[in-house]
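Report on the structure given below.
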Amino acid sequence: MKQILLATFAFLTLIHTTQAQDDARSRALLDDLMAKAKGWTSFEADFSSRLQNTKDKLDVKQEGNMKVKGKKFRLILDKNTIINDGTTIYTYNKESNEVNLSDPAEMDQELDPSKLFTQYEKGFKSSWVSEKPDAAGAVVQTIKLFPVDPAKKAYHTVVISVNKAKMEPTSIEVLYKDGNSVTYHLKKFTANPELGDALFTFDKAKYPGVEVNDMR
């Protein structure tokens, strides 16, 4: 489960978290983004993810879609569909026609789409990076976040870019201590769409012959 979400979702240079200091501009942007995100009762995003590791010559690109409603989510990435109905996580692989059931409480917060933005509200120092237009002319603001307690995180830096006018994220990059970097580009983001509850259920009848593995 963790490896699947890490490869997507998928929700960040040498460690300098102990030296990082909040600056007013980056903190103001982060506070504005958190306030906006808390107002999203649901959201949907088409995104691309890229997992890279220069040392290991790793470069994996994937396309996906996420739908989030409260604590529930539906994540589609390549041949995998991950559904959290609030009590169980269903990880379905189309190629093997198998679904693994797991407990949402066991999922790392960093890999939970429902906490993709709000997880960065506390426990981080921040620094300002830039404000500049993107290829389409929209002004994008970028900041870096560093965990206050780096020993508890698998990553050392998070880079967040935000559309200034919409106050919506455009990309999130996670830089891990093992040399991996994962970048999520949000190609289309919709705040507060109408999402039916049926989207967040796994109906076995729709997957004839599916093998169910209960990992709880």
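The values are calculated or read from the model by the stated rules, or taken from the named source; none is laboratory data. Source: prediction; values computed, not measured. Note that each Cβ is placed from the backbone with ideal geometry, even for glycine, and that neighbours are counted across all protein chains shown.
Of note:
One line per residue, one yes/no per condition, for (1) small (Gly, Ala, Ser); (2) in a strand (DSSP E or B); (3) within 16 Å of Arg50 (Cα to Cα):
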| position | (1), (2), (3) |
| --- | --- |
| Lys122 | no, no, no |
| Ser127 | yes, yes, no |
| Gly137 | yes, no, no |
| Thr142 | no, yes, no |
| Val158 | no, yes, yes |
| Ile172 | no, yes, yes |
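- Within the stretch 148-170, residues that are on the phi > 0 side of the Ramachandran plot and aliphatic (A, V, I, L, M) have Cβ atoms under 7 Å from residues that are surrounded by fewer than 14 Cβ atoms within 10 Å (Cβ to Cβ) and not in a strand (DSSP E or B) in no pair, counting only partners at least 6 apart in sequence or on another chain.
- Qualifying residue in the stretch 186-198 (condition: out of contact with any helix residue (DSSP H, G or I) (no Cβ under 9 Å at 6 or more places or on another chain), among the hydrophobic types (A, V, I, L, M, F, W, C) and assigned to a strand (DSSP E or B)): yes
- Here Gln109 passes the criteria (1) surrounded by fewer than 16 Cβ atoms within 10 Å (Cβ to Cβ); (2) over 16 Å from the mean Cα position of the chain (by Cα) except the one numbered (2).
- Qualifying residue in the stretch 147-167 (condition: small (Gly, Ala, Ser), within 21 Å of Gly64 (Cβ to Cβ), surrounded by fewer than 17 Cβ atoms within 10 Å (Cβ to Cβ) and at pLDDT 95 or above): no
- Just so you know, in the stretch 62-120 the residues that are of a type in the set (Asp, Glu) and outside any loop (DSSP other than H, G, I, E, B) include one that is modelled with the lowest pLDDT, and it is Glu110.
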